[in-house]
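S.K.: My questions will all concern the structure given below.
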Amino acid sequence: MAIHPRQAMGPLMNNSGTRHCRKWLQKHRMAMFTRSWGSPAQMEPAKDNNQDRADAPDVQIDATVVSNAEQTTIAGLPGNRTRLAGSEDKAALQLGLRPGQFIGPYCIERILGEGGLGVVYIATQTEPVKRRVALKVIKPGMDSASVIARFDAERQALAIMDHPGLAKIFDGGATDRGLPYFVMEYVDGEPMTRFCNRHDLDMKNRIKLFMKVCDAIQHAHMKGVIHRDLKPGNILVEGDARENRPIVIDFGIAKATDESLTDQEYNTMAGQMIGTPAYMSPEQAGLSTEQDIDTRADIYSLGVILYELLCASTPISEDTLHDSSISQIQKLIQDVDPPRPSQRVVQDLQSSDRVVEVFGVEARTQSKRLRGDLDWIIMKCLEKDRNRRYASANELAMDLQRYLDNEPVLAGPPSTAYRMKKFARRNRGPLVAASLVLVALVAGIITTSVLLVKLSIEGERTRQALIEANFRTYLSNITAASNLLDSRKRDLARMRLESIASIDAGDTTYEWNYLKSRLDGPILMQMEGHKGPVTGVAYIPGKGLIASTSMDRRIHLWDSMTGRSIYQMPIHDCMINCIVASHDGSVLVTADEKGRIQFWDPVRRTLESTIDPHSGSVHALAISPDDGMLAAAGEDRKITLWDLASNQSKGVLEGHEETITDLEFSRDGRTLLSSSRDDTIRIWNPMSGALERTLESTAHDFMSIAINPASDQVASGTIDGQILLWDEDGELQQLHHHDQAVTCLEFNPAGTELYSGSNDGLICRWDPGDGRLIDESIHDAPVSSIAIDHEQNRGAVGYEDRMIRVYALARPELVKQLTGPRSEVLSTALHPGGNLLATGHGDDIIRLWDLHSMELVAELDGHTGPVTALEFTRGGDVLVSGGWDARVRSWDVLSGARGDDIALEARTINDIIEVPGSGLVATAASDGMLTLVDADMKQIRSIEAHDDPITVLAVSPDSRLIATGSSDDTAIIWRVNDLKMIRELDDHESDISSIAFSNDGSMMATGSWDNDILITMLESQQEPMRISGHEEAVIHVEFSDDDSRLFTASRDGTFRVWSVKAGEELLVIPAHKEPINSVSICGQEQRVITGSDDRSIWLWESVNLGERMEEVARSRRLQEDLTEQVGQLLAAGTEGTLQERFQARFGDQDEPTRDAARACLLKMRNESK
């Protein structure tokens, strides 16, 4: 029976109001049940009067006490069911709803439950899908503004969340009588404690089930929703003991952290308790304002639930709640610490019997199981001070995972200081009196001093323990986030990263930034402007434009760098189906549903000509790589060929029996492929018109095709969502992931990745070699077309929801794979300005790259062997190089002119490094000689440092020491001024391949061909820390700016980040398929450059790609502005050196401008050559 507060209080509010009311409440409080919103689990009728508390979840009440200016409301005392016999008929009469009646497409079956203000029905949805749902309706007369606001808040809370552990909302509206309702997932489960007890789950499986609940609550909190009434009855579990799914329900009193759940206003009044007392947090019981409740209230409730799961009783027993007044209940929740779980199970005979009944073991045995870690974890959740609880549900779940993995947990017993503080609060009066006596006693002062010292020591230990715990939390979350991203579980990865965003893990957090850049995805920008579904997109090479067509019969031109709308062509007289641009960007071709083909000038934005060769709608266009031929096809099953320059017919190809859906020229233009809904792909010779080959696959309507630019591999998409790959020999491979038609396919410029778009809204990235799905991007609308920008390695995607999105085709964190090298990259050096990269190659050439524009700006030719060592010196004005020709050369960076050089006796120069502040450069040679040369390439001093070749060099931060690594397995530290040996390190088992000093000079890291890394403390003789993980030689080691991280690269093709303190791996980047030879790190560790045997140079960034593209666009605009000035500088002739002229013109500019001017100058000189 549900009693409205006013009905309950009305007869009592007489002249003695408050006194009578309180007496009445104390005597009859358990009879006053009314509930704002009832969950399906809570509102089912009781099946057995002897059911346990989990079987009879608490039902909330609103009991209102009015006393002058004070109003107090409490919701949630344990008691009877909200539904009594005959209430179903009464509710049906009130709402006018009976079995078989419809609310929209929902057919009412029966009442699932009834509360004071609402009724929940089981109903069957009849369209567009058939399924059972739960339908919640407000009762007549209860539709006040406040009630409707809370009803709307519950609906909004469910709508913004999407997690398998949270009930989903499907629909909402109003009945014929104007009563609000919403439709949600029907959960055919049972309360959590009942499920665990019925299936005899042991402690481990109970904890695992509970961790799933934590994951769901974490999602809700991340969406800004606080449940405020978590208890076993609001967690229903589906499945069995092995496979199960807990689902959190009943967000009827949920609260948004940003107060945005509903546009309507409702407020919980000051002095109102919201929740269920047995599971209620102290702040909820404190009658404070709603704004004072945060996500940690749910952490407290989760702790009570875990307590009950493992102890078979709640911290405050049901009997205690029944026998206590409202004020006593508040005091219990706020001030009385509950017994630890291990104490509770042996507290009394009733508790012990319950443990035996539920767990089948003696209470003492269960107590031993709970003692220690589980006690600490649960009691941390139940802290009265919410600042001492877990910060998030995710943090709680992680500590439970540590317990399951037998690892140290973050939770621990309260410190002595904390216990003393709590004791002082409970005994404030006596302590005040005692302190007055102690003030008079000298011994008291001494005692206090000793105590303060102890507390200080304990505080420092606590601080260090907290730092260590925070780092462990950070480490585990970073590892988990990386693994989740690799598994394409983006939401869970985002939760992991955001949970540690505020943890102090050192000044350098490259790994966090890197994973965040991967998580943010490859979307660079999106364009909106069409008034109908987008039918086609095309990049216009060399013009910086994207063209798009739509069912709105318009052609749009967009700025490809900013996404800004540039121009709209005149409206067409019918729908435009597709669009394609010539490879030189001079012609734009469109085809429409009337069979017409039109030719446009994208610069003048004019229609140049029209041809009308087809009798039906044209669906496909293709232009040959040399821009000599246009192919068109569509519903009339024929392919027409045209001379692109003259629009003259070059022939007709016929043979398909159904609509032709796509066309594609091979990379050499000698073959033309066509796909059709007749289950065939035909390969034609466009010059002769001969059909050369047919690829067939039974019962596959082909919708799209693509040809791998690096091979003759053919990809085709089908109407049933499959992708078929044919190799040169006709061998077929099938890729499965889409569940609707694959409408478009494109390979990236290198042919190493395949992109597919589908009507299911997915853009998928595949490895065409092994058919592996690499990644996916999800949108809510079908994909209609994909266009590739080969210059910028980007893709524009058109969707049927009128939107165009631009994606980076490379991995999100991979900014660019520099193209141009025709041989392996053996060495790299980064200009001090950070935007000019020098690379040494196996073809004897040094190449200079502008990292803003990602363009090759100069080639330096002077060595007669592979270039194995590079170093910028003199502030970046000079580049020093060495190689297999045993010569050390200098180059003027601005002019590219060759400077002085020196020939050494060795066969090979393996490394070069500048000694800052000394004007010297050190070289490492294959004959074991360490040589110092000056700026004029004159030898200053030399020493035979090793019997075997020196492989690598490093200079200390103060330039006093230089370290050499050798293939004799040793590393030696020398004094620079006299080349005297300081220390020899011989802990590696193979050649030393990399060395680095820490920035504070206290450590040195060495990498070796034994695949290990050693970190040596230079001021002590202790054993070095050994770090293992790489599978091949470690060719680069480098400390972060704050020395908290170590960056390493290996010939196993990976770049890794390690914690220096813990020696543990933080991040692995699978950078190359071939061995890495060189690495440069810059930009406060935001950018990493790797060069490899695979002839590629890759730039990895831990910044947002959109910001990166804006930076590139700004740099390009700046270079365009600087072109005239640089041209004038070059034309100045012999008026001083080029360096002097450059300094005179740009010396007072900021660093970005100087960098852009330097790159522009190098590019113009290179082009003039």
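S.K.: Taking the simple approach of a point 7 Å from Cα along Cα-to-Cβ for both Arg564 and Ala1131, what is their distance in nm?
M.R.: So the label points at Arg564 and Ala1131 sit 2.9 nm apart.
S.K.: Which order do the peptides 727-735, 327-335 come out in when sorted by mean C-beta neighbours inside 10 angstrom, highest first?
M.R.: Output ranking for 727-735, 327-335: 327-335, 727-735.
S.K.: Further question: Count charges around Asp947 for me, please; just the other residues with Cβ under 10 Å from its Cβ, Lys/Arg as +1, Asp/Glu as -1.
M.R.: -4
S.K.: Moving to a separate point now. Long-range amide H contacts for Asp1041: which residues qualify at under 5 Å (H placed 1.01 Å from N, peptide plane, sequence gap of 5 or more or a different chain)?
M.R.: none
S.K.: Please list, in order along the range 496-501, the HN-Hα scalar couplings obtained from phi with the Karplus expression 6.51 cos²θ - 1.76 cosθ + 1.60 (θ = phi - 60°), rounded to whole Hz, x for Gly and Pro.
M.R.: 4, 5, 5, 5, 10, 4
S.K.: Within the set of other residues whose C-beta is less than 11 Å from the C-beta of His227, count the net charge using Lys and Arg as +1 and Asp and Glu as -1.
M.R.: Spelling it out: positives minus negatives among the neighbours equals -1.
S.K.: Using 0.36 nm times the number of residues separating Arg177 and Glu984, minus their current alpha carbon distance, what extension gain do you get?
M.R.: Roughly 281.6 nm would be gained on extension.
S.K.: If you don't mind, another one. Ranking request for peptides 830-837, 627-634: highest mean number of other beta-carbon atoms within 10 Å first, then the rest in descending order.
M.R.: Listed from highest to lowest mean packing, they are 627-634, 830-837.
S.K.: In percent, how large is the relative contact order of the range 523-812, given Cα pairs closer than 8 Å and 6 or more residues apart?
M.R.: Over the range 523-812, the number comes to 14 percent.
S.K.: Taking a threshold of 26 Å on the Cα-Cα distance, which of the pairs Lys168/Lys212; Lys208/Lys368; Lys130/Lys208; Lys380/Lys454 fall above it?
M.R.: Too far apart for the 26 Å limit: Lys130/Lys208.
S.K.: Determine, from the Cβ-Cβ distance of Leu732 and Ile778 and an R0 of 25 Å, the FRET efficiency 1/(1 + (r/R0)^6), rounded to the nearest 0.05.
M.R.: 0.35
S.K.: Next question, about the same structure. When only DSSP loop residues count, what trypsin sites (Lys or Arg not before Pro) in the range 120-211 have their Cβ near at most 12 other Cβ atoms within 10 Å?
M.R.: Lys130, Arg177
S.K.: For the range 373-384, in order, what is each residue's ³J(HN,Hα) by Karplus, 6.51 cos²θ - 1.76 cosθ + 1.60 with θ = phi - 60°, in whole Hz (x at glycine and Pro)?
M.R.: 4, 5, 4, 5, 4, 5, 5, 5, 5, 9, 4, 5
S.K.: Compute the Cα gyration tensor for the range 541-597, then decide on rounded, prolate or oblate, letting a ≥ b ≥ c be the square roots of its eigenvalues: rounded whenever a/c is under 1.5, prolate when a/b is larger than b/c in the other cases, and oblate in all that remain.
M.R.: Since a/c reaches 1.5 but b/c is at least a/b, the shape of the range 541-597 is classed as oblate.
S.K.: What shape does the range 603-686 take by its C-alpha gyration tensor, where a ≥ b ≥ c are the square roots of the eigenvalues and a/c under 1.5 counts as rounded, a/b above b/c as prolate, and the rest as oblate?
M.R.: Because a/c hits 1.5 or more and a/b fails to exceed b/c, the range 603-686 counts as oblate.
S.K.: Let me ask you something else. Once you have a ≥ b ≥ c as the square roots of the Cα gyration tensor eigenvalues for the range 859-921, tell me rounded if a/c is under 1.5, and otherwise prolate or oblate according to whether a/b is larger than b/c.
M.R.: It is oblate, given that a/c is not under 1.5 and a/b is not larger than b/c.
S.K.: Rounded to the nearest 0.05, what FRET efficiency do Arg198 and Asp1121 have when you use their Cβ-Cβ distance and R0 = 51 Å?
M.R.: Efficiency computed from Cβ-Cβ geometry: 0.10.
S.K.: Which residues' amide hydrogens lie under 5 Å from the amide hydrogen of Ser676, considering only partners 5 or more residues apart or on another chain, with H built in the peptide plane?
M.R.: For Ser676, whose amide H was placed from the backbone, the distant partners under 5 Å are Thr661, Phe702.
All of the numbers you see were taken from the coordinates with simple rules; none came from a lab. Keep in mind that this is a model prediction, so the values were computed, not measured. Neighbour counts are summed over all protein chains in view; Cβ atoms, including those assigned to glycine, are modelled from backbone coordinates with ideal geometry.
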